[in-house]
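Inspection log for the structure reproduced underneath, given as structure tokens.
Every number here is computed from the coordinates shown, using simple stated rules; none is lab data. Remember, it's a predicted structure, so these values are computed and weren't measured experimentally. Here Cβ is always computed from backbone atoms with ideal geometry, including for glycine, and neighbour counts include all displayed protein chains.
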Amino acid sequence: MRLNRGVTATWWYTASAIVFFEFVIVGVWVVTLLEADTETEAVVAIGIGGLLWVASTLPLLFAYRHRTRAPISATWRRALMPLIVAVVYGSLAIVLTGSWLVGLLPVAQSLMLLNWPRGVRLRAVLAVTILLGCAWIIDARDAFAMGASLGDASRWTLLGFYSTFLPAMTVVSLWWWDVLVTLDLARASEARLAATQERLRVATDVHDLQGHHLQVIALQLELTEKLLARDPDAALETLRAARTSVDDARQGTRDLATRFRSVPLRDEIANARDLLIAAGVAAEASVGADVDLAPASDLGPVIRETTTNILRHGGGRRARLSLERVDAGWRYEISNDLAPGAALGLDGAGLEGIERRVSEAGGHLDVRQEKEDFTIVVTLPAEQEYRP
């Protein structure tokens, strides 16, 4: 499952939050047991065992991150050892603390990290939450039966609340991750569909154009063959018409290729921004209202080259693009921050190519290197909007 950079980062935030909550609950257990005057050996065992249990959930999170559509029964071997650790730790906790809640939670939490089917997972988390809630009530009843004070009751209340709802919070976090993955895959599928539709449209246009001209040429050549014996002059005229049809087909192919190569500047800026965002750069774009009048043949390659420069050399985290009408003509600006140690500016060939293209169009190139920012400004004269 190939995901973009932003979604992958979100996974690490999600997994880190789940592990952090598990560490917190182990810490709450240890503090509560210490304040309840539990034997030191038992508290140490609960603490060390809790760390081992938290470590055992990491393979489950890794398996969930790289899960497939295969059912749980097909991947049970990878989950078996973490579940055994959770069961052993839970049993030890019940023996040492006498708390059913502390003993059941490790097993319940580990089970919630498995790749359950969507409907099954919802029922599982509801059942686990109810079970933990009942264990919480039993532990609270036993504590009061043994004469627990109000302070003890408040400590057990805090422990019970976090322990009972940890699996539910975990499932919500994983559900949010699943939503982001679904959206990301949907965007990728939409892009592939758009590319497929565009290829079909190109194929259809080429078929219609070439099919028509080739059919005409075939008929003209067939007529030339019939006229060649009895009317050479008419056959020659038909042959000239066939040659004209060949020229028309060639020119039509050129026009079709030119139409597909030419992208409106507004779309060029939008594509550059989307490409930077997909690479993990926080990109912003500003486009003037009348940019459709700007010389796309001159500015289009400049936009693409400078965007590639940021991806290849910048290494920063933010960028800004703008294209607007100014008094002197058209002004395109792109700036980005530089990561520490990143190469400064464009490579020689790239910068020289842009400068040559801008000069041929009668414009001006300005390259500015500041402490943390790199900026390229291209200015073209207003009459360039009429260039073919």
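Once R0 is set to 56 Å, what does the formula 1/(1 + (r/R0)^6) return for the Cβ-Cβ distance between residue 275 and residue 221, expressed as a FRET efficiency to the nearest 0.05?
FRET efficiency, residue 275 to residue 221: 0.70.
Rounded to the nearest 20 debye, the dipole size of segment 189-261 about its Cα centre is 320 debye, using +1 on the Cβ of Lys and Arg and -1 on the Cβ of Asp and Glu.
Taking the Cα atoms of segment 189-261, the ratio Rg/Rh between the radius of gyration and the Kirkwood radius comes to 1.24.
Across segment 304-310, rounded Karplus estimates of 3J(HN,Hα) from the backbone phi angles (6.51 cos²θ - 1.76 cosθ + 1.60, θ = phi - 60°) give 5, 5, 5, 5, 4, 4, 5 Hz, Gly and Pro being marked x. Potential lengthening of the chain between residue 162 and residue 234 amounts to 16.3 nm, from the contour at 0.36 nm per residue minus the alpha-carbon distance.
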